Amino acid sequence: MTASSSFDIGSFLPYLLNRAAEESSVEFARIYKDRFGLLRTEWRVLFHLGQHGELTATEIGQISKIHKTKVSRAVAALQKRRYLVRATSAQDRRVEFLKLTPQGARVFTELADVAKTYNAKLLAQFTAEEQTVLLKSLRILMQ
């Protein structure tokens, strides 16, 4: 491929979305890592439990599109920090329900407040109309 190729990675939507996601999450990643020692998958699992309540690891994987081995590692790390507990299903002993502990719920609440502020800061770069179009467009792509 030469420099005269008609393909421009700078206009390739998956590339742009990935770059935008990485750039826009750097500051927030620093917060959850520095304050709580959490990795990206760990905070995402924590947030799903905080938002949805009791879930299985399989349900978290389906909702978040995180691979099951990464969910499993995140669950183990969060349990070690005492941010979540596991309860075996009475109907199927292979199934474990996960829920936040009071300590995990406090971390979720604190990080959710930070996330709301950070989200508002990101959206403030756009007009109200642009925000509506951006959010609608991203939701369409997620489907």
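Considering only residues of region 1-25 that are open to solvent by less than 70 Å² (accessible area, probe 1.4 Å) and outside any loop (DSSP other than H, G, I, E, B), which is farthest from R81 (Cα to Cα)? The residue in question is G10. Those helices (runs of 4 or more DSSP H) of region 30-104 in which 3 or more residues are under 21 Å from M142 (Cβ atoms), in contact with a Phe, Trp or Tyr (Cβ under 9 Å, 6 or more places away or on another chain) and of a type in the set (A, V, I, L, M, F, W, C) occupy 40-52.
Within the set K121, K136, K65, the sole residue that is within 18 Å of R44 (Cβ to Cβ) and either loosely packed, with under 11 Cβ neighbours inside 10 Å or among the charged types (D, E, K, R) (or both) turns out to be K65.
Looking at region 87-94, can you tell me whether even one residue there is more than 28 Å from L16 (Cβ to Cβ), open to solvent by 30 Å² or more (accessible area, probe 1.4 Å) and small (G, A, S)?
Looking for residues that are more than 28 Å from L16 (Cβ to Cβ), open to solvent by 30 Å² or more (accessible area, probe 1.4 Å) and small (G, A, S), one finds at least one in region 87-94, hence yes.
Which of the residues spanning region 85-114 are over 14 Å from F36 (Cα atoms) and of a type outside the set (D, E, K, R)? Result: V85, A87, T88, S89, A90, Q91, V95, F97, L98, L100, T101, P102.
Among the residues of region 89-123, those that are farther than 13 Å from G50 by Cβ and among the aromatic types (F, W, Y) comprise F97, Y118.
The values are calculated or read from the model by the stated rules, or taken from the named source; none is laboratory data. Every value quoted in this text rests on a predicted model; they were computed, and no experiment measured them. Note that we place each Cβ from the backbone using ideal geometry, even for glycine, and neighbour counts take in every protein chain shown. Protein only, heavy atoms only, side chains kept; ligands, DNA and RNA dropped before computing areas. Shrake-Rupley method; radii C 1.70, N 1.55, O 1.52, S 1.80 Å.
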